[in-house]
Amino acid sequence: MPTPFTPPHGEPEHAGAHLRERGYTVLAPRGLATLMGEADASDPLAALAPFWSDLPIDAHLRDGGAYRFRRHGSFVVEGGELRGVEHRAHWQPLDYNALHGGIERMFEPLAPALVADPLWARLLLALTERASELRGTTGPWFVEAHAFRITTGDGIGRPTPEGAHRDGVDQVAVILMAREGIVGGETRVFEANGPNGQRFTMTERGTTLLIDDARAIHETTPIQPLEPNGAGHRDTLVLTWRLGGFQEP
């Protein structure tokens, strides 16, 4: 088994500069905690992790798999305030998602207790500040949140079945919530219009990849069970920020 590459963690105070300079940055859990105002926390998202044990199956997978479980929510950040909006379908154009684009996918909503947790607001507002710094505007920002669990129940699980992609938004955050009993799941982020990039494996809850979606493409390689016939999973929170409104048909 090859040794996984360590994430190229950057200092939280340089996150905005790294996003502008190279189109992405990676935060260690403590770096994320610092941005959230939780500087002493080594595991800042631990209190949210139990919500990933109650995700319904993704009924929209077009590859026929039964390995992805998820929930979805939509929010607006304006004037430093986070508010939820009426539950809505997730939609992407085919230009950005050749596998699942062009269809309205209605997923079960995020758990109300998750959204009501003060930690949730602190997380989203802290990362919204990075989006505002990146684009030079305070918004309003239209934010979508996706809670994912990828399992090895089919023998293999695909975190990004659509392959390397952009999302058609301004900023993307991929946050690791759990990694249990698996191999694989290597994160890859590359210039959208060049040869340079990074590959690494996120292993600690709270490790965060922030991406300027206009400048970088990203993917995560498939996962397999660590032990033959074993079970494993990889949990992530994927957040997207977009100016001007949510993507709609």
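The values are calculated or read from the model by the stated rules, or taken from the named source; none is laboratory data. These figures come from a predicted structure and were not determined experimentally. Neighbour counts run over all protein chains shown; Cβ positions are idealised from the backbone, glycine included. Accessible surface is based on the protein model in full, side chains and every heavy atom, while ligands, DNA and RNA are left aside. Shrake-Rupley method; radii C 1.70, N 1.55, O 1.52, S 1.80 Å.
Examine the stretch 181-191 for a residue that is of a type in the set (Phe, Trp, Tyr) and either closer than 16 Å to Ala216 by Cα or surrounded by fewer than 19 Cβ atoms within 10 Å (Cβ to Cβ) (or both), and state whether such a residue exists. I'd like the intermediate steps shown before the answer.
Keep residues of the stretch 181-191 that are of a type in the set (Phe, Trp, Tyr), which gives 190.
Going one step further and asking which of them are either closer than 16 Å to Ala216 by Cα or surrounded by fewer than 19 Cβ atoms within 10 Å (Cβ to Cβ) (or both), we end up with 190.
Yes: one or more hits.
Can you tell me which residue is nearest to Leu237 (Cα to Cα) among those in the stretch 70-114 that are modelled with pLDDT under 95, charged (D, E, K, R) and over 19 Å from the mean Cα position of the chain (by Cα)?
Glu104
Pro50 passes all but one of (1) open to solvent by less than 50 Å² (accessible area, probe 1.4 Å); (2) without any contact (Cβ under 8 Å) to a residue 24 or more places away in the chain; which number fails?
Exception for Pro50: condition (1).
Can you pull out the residues in the stretch 154-182 that are under 18 Å from Gly65 (Cβ atoms), out of contact with any Lys or Arg (no Cβ under 9 Å at 6 or more places or on another chain) and aliphatic (A, V, I, L, M)?
The answer is Ile156, and nothing else.
Every residue in the stretch 139-167 that is of a type outside the set (A, V, I, L, M), closer than 23 Å to Arg215 by Cα and at pLDDT below 95, please.
Kept after step one, since they are of a type outside the set (A, V, I, L, M), are these residues of the stretch 139-167: 139-142, 144, 146, 148-149, 151-155, 157-163, 165-167.
Going one step further and asking which of them are closer than 23 Å to Arg215 by Cα, we end up with 139-142, 144, 146, 159-163, 165-167.
Within the stretch 139-167, Gly139, Pro159, Thr160, Pro161, Glu162, Gly163, His165, Arg166, Asp167 qualify.
When you look at Arg122, is it open to solvent by 40 Å² or more (accessible area, probe 1.4 Å) and touching a residue at least 24 places away in the same chain (Cβ under 8 Å), yes or no? Steps first, answer last, please.
Details: open to solvent by 40 Å² or more (accessible area, probe 1.4 Å): yes; touching a residue at least 24 places away in the same chain (Cβ under 8 Å): yes.
In short, yes.
For the stretch 125-202, please list each of the strands (runs of 3 or more DSSP E) lying entirely inside it that holds at least 3 residues being within 15 Å of the chain's Cα centre (by Cα) and touching a residue at least 24 places away in the same chain (Cβ under 8 Å). It would help to see each step written out before you state the result.
Working: elements: 141-151, 171-180, 182-184, 187-191, 197-200.
Because the criterion is at least 3 residues that are within 15 Å of the chain's Cα centre (by Cα) and touching a residue at least 24 places away in the same chain (Cβ under 8 Å), the strands (runs of 3 or more DSSP E) in the stretch 125-202 that meet it are 141-151, 171-180, 187-191.
Can you tell me which residues in the stretch 196-229 are open to solvent by 10 Å² or more (accessible area, probe 1.4 Å) and hydrophobic (A, V, I, L, M, F, W, C)?
Ala214, Ile217, Leu226 - these are the residues of the stretch 196-229 that are open to solvent by 10 Å² or more (accessible area, probe 1.4 Å) and hydrophobic (A, V, I, L, M, F, W, C).
Go through the residues of the stretch 25-44 one by one and say whether even a single one is polar (S, T, N, Q), at pLDDT 95 or above, surrounded by 13 or more Cβ atoms within 10 Å (Cβ to Cβ) and not in a strand (DSSP E or B).
In the first step, residues of the stretch 25-44 are kept if they are polar (S, T, N, Q); the result is 25, 34, 42.
Keeping just the survivors that are at pLDDT 95 or above gives 25, 34.
This time we only want the ones that are surrounded by 13 or more Cβ atoms within 10 Å (Cβ to Cβ), so: 25, 34.
In the following step, the residues that additionally are not in a strand (DSSP E or B) were identified as 34.
Yes, the stretch 25-44 has at least one match.
Counting only residues that are closer than 16 Å to Glu144 by Cβ, give me the strands (runs of 3 or more DSSP E) lying completely in the stretch 207-249 with at least 2 of them.
Working: elements: 208-212, 216-220, 223-225, 233-243.
Result: 208-212, 233-243.
From the list Gly157, Gly232, Gly163, Gly245, exactly one residue is open to solvent by less than 30 Å² (accessible area, probe 1.4 Å), under 18 Å from His72 (Cα atoms) and of a type in the set (Gly, Ala, Ser). Which is it? Give the derivation first.
Working: Gly157 fails: under 18 Å from His72 (Cα atoms); Gly232 fails: under 18 Å from His72 (Cα atoms); Gly163 fails: under 18 Å from His72 (Cα atoms).
None of the other options fit; the residue is Gly245.
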